[in-house]
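The values are calculated or read from the model by the stated rules, or taken from the named source; none is laboratory data. It should be emphasised that the depicted structure is a prediction, and the values quoted were computed from it without experimental measurement. Cβ coordinates were reconstructed from backbone atoms using ideal geometry, including for glycine residues, and neighbour counts include every protein chain displayed. For the accessible areas, the whole protein counts, side chains as well, though only heavy atoms, and no ligand, DNA or RNA atoms are used. Shrake-Rupley method; radii C 1.70, N 1.55, O 1.52, S 1.80 Å.
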Amino acid sequence: MIPPYVNQILFRLRQAGYRAYAVGGCVRDVLRGVTPHDWDVCTSARPEETEAVFHDLPRIDMGKKHGTVAVILDHRTVEITTFRADGAYLDHRHPSGVTFLPRIEGDMSRRDFTINAMALDENERPIDLFGGQADLKDGIIRTVGDPTQRFGEDGLRILRGLRFASRLDFTIEPNTARAMVEQRDLLENISAERVFTELKGILTGPAAGRILRAFAPVIFTVLPELAPLAGFEQHSPYHDSDVWEHTLRALEASPDQLVFRLALLFHDCGKPDCFTRDETGRGHFYGHPQRSRELAEQALRRLKCDNETMDRVLYLIEKHDTWLPGTEKNMRRFLLHEDPARVQDLLIVQRCDAVAHAPAARDAAIAHVDEWAALIRQILAQKPCLVVKDLAVDGKDLLQLGMAPGPQVGRLLNGMLEQVAEGTLENDRAALLAYAKATIDIISRNISAPPGV
Ligand code: ATP
Ligand code: MG
């Protein structure tokens, strides 16, 4: 169960007279039959003692004063942390100091959730002081000790708990759940980077929709841009739910990649700001994709989202309501001005949005998206020419035909590209050269022709 490189570390610590165990997330994963992505070790050795035991191996100081030394063995890093108790939490996030302990029991009680507070002993049997195995079996997230106190110590645990529930598809024990909602304001003390890391984990988990639905007040604390969606009725034949519920259904329909989940989470968040009702009482949301984009950008910048993700997400939000061309010719022209990979992502978002419409409107909405998708697939299968450099001629060819250097070269290439894309000109060298020659002749005749002719 424990891989050889971790066993070697445990063995050397024990040989030197210390207690040492695999601990935390790796134990949780092993017990639920999943290969851990990394292994953590806890020990009675103090950080200097750990360094002395592994004096011959490369090491990284991960915060010795908190007790953690990382050792690299077989190209893998194992974090070794001294058994410790955390001092008073003054800022709801960081302990004021830590006390090193001789035995594992105290160390287990500082850990966040019962499923994360287990270790494996010398015989690879679980050390389980808080019922972690039972909670793992029953699929329950429960804090070690009183949830109000534990979240009060470190507010990030609220989001960690939601992340584990979303990713493992677990339920949250009622007292733990109540404390998460009651103490959600503690999240205001947490750095944007930490919040975003946990949010990404929540959004990409298989139970993301259920968790967002059940813990909306917590989510709205870190994403206040979404709060107005809850209870916002649409007064539209296309919708049978408020904007928040529609958002969650669309998100639940989506692939679990972050870009889709973020795009769907924010796609309609501009609706409340754009709401109008016509004389029949029907609701409209003119301009909402642009407003959603602005609000999403504000939220993602605050969370310090990387630029590439933000760029892709904002494109999808802005375009989510776009009606694509229905004919091959117009679709080819459309693709000239778009990145086909992004358009394919857009179709995924549009389909999820369509699925979340009211039953009466759903089928028609889905049919449109599927038609666009089929048309695009058919066009892309022909490996169409969508950028100038895919043309069978280039600028040099045009100069050789006698065209003067300058912006007109690019203009002619782009003009040919449009025609090739629309299918009125073939991307064939001879055909393009003939077309170019004829055009150049016309241009030069126009220039050399005397005025009035
Ligand atoms: P993952 O699979 O995401 O790595 P993990 O459980 O290993 O999950 P880590 O953040 O790597 O999570 O932390 C390792 C262990 O340290 C946890 O299992 C838990 O016992 C403890 N821990 C981590 N963060 C906290 C925290 N904020 N409060 C209390 N205990 C924590
Ligand atoms: Mg881990």
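Put simply, the amide H of I127, placed in the peptide plane, has neighbours under 5 Å in A119, L120, D121, leaving out anything fewer than 5 places away on its chain.
Net charge dipole, the chain: roughly 440 debye, given to the nearest 20, about the Cα centre with Cβ charges of +1 for Lys and Arg and -1 for Asp and Glu.
Roughly speaking, what is the stretch gain from V387 to Q15, that is 0.36 nm per residue apart minus the C-alpha to C-alpha distance, in nm to one decimal?
127.3 nm
Only Lys, Arg, Asp and Glu carry charge here, each on its Cβ (+1 for the first two, -1 for the last two); on that basis the stretch 143-222 has a dipole of about 300 debye about its Cα centre. In this simple spin-label model, placing a label point 7 Å from the Cα along the Cα-to-Cβ direction at both L258 and Y5 gives a separation of 2.4 nm. Considering only G423, Y435, G406, and ranking their Cα positions along the charge dipole of the stretch 388-444 that arises from unit charges at the beta-carbon of Lys, Arg, Asp and Glu, the one farthest toward the positive end is G406. Axis angle, to the nearest 10 degrees, between helix 359-381 and the longest C-alpha principal axis of the chain: 70 degrees.
Calculated FRET efficiency, D121 to S96, Cβ-Cβ distance, R0 = 41 Å: about 0.85 to the nearest 0.05.
Taking the Cα centre of the stretch 388-444 as origin and assigning +1 to Lys and Arg Cβ atoms and -1 to Asp and Glu Cβ atoms, the resulting dipole is close to 220 debye.
Each stretch of four or more DSSP H residues adds -39500 (n - 2.57); spread over every residue of the chain, this sum gives -15500 deg cm²/dmol at 222 nm.
Roughly what angle does helix 192-203 make with the longest principal axis of the chain, taking Cα atoms, 0 to 90 degrees, to the nearest 10? It works out to around 80 degrees. Annotation: extensible slack from H284 through H337 equals 16.2 nm (criterion: 0.36 nm per residue apart, minus Cα-Cα distance).
Figure legend: label point modelled 7 angstrom from the Cα of K329 along Cα→Cβ; residues of the stretch 407-449 with amide N under 18 Å from it are 415-427.
Taking DSSP loops as anything outside H, G, I, E and B, show the longest stretch in the chain free of trypsin sites (Lys or Arg not before Pro) there with at most 15 other beta carbons within 10 Å. Longest gap between qualifying sites, sites excluded: 104-281. A straight chain from A374 to Q408 at 0.36 nm per residue would run longer than the Cα-Cα distance by 8.6 nm. Carbon-plus-sulfur fraction of the accessible area of the chain, 1.4 Å probe, in percent? Looking at the chain in its full context, I get 51 percent from C and S. Taking all protein chains together, H75, H267, H66 sort by accessible area into H75, H66, H267, largest first [probe 1.4 Å]. Surface analysis of the chain yields an accessible area of 47 Å² per residue, using protein heavy atoms and a 1.4 Å probe. Modelled spin-label separation between R210 and E422, with each label point placed 7 Å from Cα along the Cα-to-Cβ direction: 5.3 nm.
Estimated from the Cβ-Cβ distance and a Förster radius of 41 angstrom, the FRET efficiency linking D363 and D311 is about 0.80. List residues of the stretch 252-275, by number, whose backbone nitrogen lies under 19 Å from a label position 7 Å along Cα→C-beta of S241. Under 19 Å, as judged by backbone N against the label point of S241, lie 252-257, 260-272 of the stretch 252-275.
Using a probe of 1.4 Å, the accessible surface attributed to D74 totals some 100 Å² when neighbouring protein chains are kept in position. Considering only Cα-Cα distances, which of the following residue pairs are longer than 29 Å: K383/K437; K304/K329; K271/K383; K319/K396; K271/K389? The answer is K304/K329; K271/K383; K319/K396; K271/K389. To test your reading of the geometry: what angle, between 0 and 90 degrees and rounded to tens, separates the Cα axis of helix 340-355 from the longest principal axis of the chain? Tilt relative to the chain: about 70 degrees.
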